[in-house]
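The block underneath contains the structure these notes are about, expressed in structure tokens.
Taken together, the values in this text are just the output of simple stated rules run on the coordinates, not laboratory data. Model, not experiment: these values are computed from the prediction. Neighbour counts are summed over all protein chains in view; Cβ atoms, including those assigned to glycine, are modelled from backbone coordinates with ideal geometry.
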Amino acid sequence: MSTDPDCIFCKIAAGRIPSHKVYEDDHVFAFLDINPLSEGHTLIIPKTHAVTLDQLPADSLAACGLAVKKIAPALVKVTQCPDWNLLQNNGKLAGQVVMHVHFHLIPRREGDGLGFRWPAGKLSADRATELKTAIIEKI
């Protein structure tokens, strides 16, 4: 597993910085966010250092997905929040602050004030066809 000695999340996963760990396996480390958006807000990080999701090895990505599946139901039970968001940002323009792949599990409840509203645009059939063709060619 590659790590970055200057990365705060690599240091947390290695136990060099204290955290409130809720889950750990060979590929993943999960802990409570110290600046939570809601009670129980949990960060799930791969132990392998990668800045963006597309740079993460497939086995680490799969392990993160399995960790979400294990942790989310526990958060629902403990916080009694019926719903939750899974948020993952790639790059500064997308809102990534710590440059190590991480997933936010954010418990949600009615009236929590968090909200999210992105202005939906329009996609013409012609532009959709162009985009679809170009994406398929690059995959």
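Legend note: in the chain, cysteines whose Cβ sits 4.7 Å or more from every other cysteine Cβ are C64, C81.
Sparse packing (at most 13 other Cβ atoms within 10 Å of the Cβ) combined with a DSSP loop state is found for the following chymotrypsin sites (Phe, Trp or Tyr not before Pro) in the stretch 69-126: F116. Scaled against the 2.2 N^0.38 Å expected of a compact globular protein of N residues, the Cα radius of gyration of the chain reads 1.20.
In the chain, helical runs assigned H by DSSP with n ≥ 4 each contribute -39500 (n - 2.57); averaged across all residues and rounded to the nearest 500, the mean residue ellipticity at 222 nm is -9500 deg cm²/dmol.
For the residue pairs K21/K69; K69/K138; K11/K47; K47/K70; K69/K92, alpha carbon separations beyond 21 Å are given by K69/K138; K69/K92. Scanning the chain for GluC sites (Glu not before Pro) in DSSP loops with at most 15 other Cβ atoms within 10 Å, what's the longest stretch left with none? Maximal segment without exposed cleavage sites: 40-109.
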